[in-house]
1. What is the order of 71, 20, fewest Cβ neighbours within 10 Å to most?
2. Quick one: 78, 66, fewest Cβ neighbours within 10 Å first, how do they rank?
3. Near the amide H of residue 46, under 5 Å away, which other amide H atoms are found, from residues 5 or more places off or on another chain, if H is placed in the peptide plane?
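Derivation of every value follows stated rules applied to the coordinates shown; laboratory data play no part. What you are looking at is a predicted structure, and each value in this text was computed from that prediction instead of being measured. A quick note on method: Cβ atoms are made from the backbone with ideal geometry, for glycine too, and the neighbour counts reach across all protein chains shown.
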Amino acid sequence: MPRLHLHATTSNISQNGRTTYPTPQALKAELRTASILKGGRVVFNVGGNKYRVIMAIDYQRQLGFIRFVGTHAQYDQINVETV
């Protein structure tokens with residue numbers, strides 16, 4: 001299974017390499033456009049800000065789970081804390 005890598009300089013999601021973030025604050029310090037939510041969730045703007053990706057991140061185990069990928073219009077119709 002490919003690992004997801006958040007490229008710090010562009011905030012693009014790719015399937016190359018690996019980056020670790022011990023805390024939400026460390027992630028935010030490197031990926032400044034990321035929005036930190038409750039429950040270990042993070043929202044990323046991708047594709048030239050055309051799409052949003054929500055990930056649930058377990059910082060202790062260094063695992064990320066993609067919970068949602070969609071357009072801004074689709075994002076506006078969901079509850080980001082329960083998706």
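1. Numbers: 71 12, 20 8.
The order, fewest Cβ neighbours first, is 20, 71.
2. Ordered by Cβ neighbours within 10 Å, fewest first: 66, 78.
3. For residue 46, whose amide H was placed from the backbone, the distant partners under 5 Å are 51, 52, 53.
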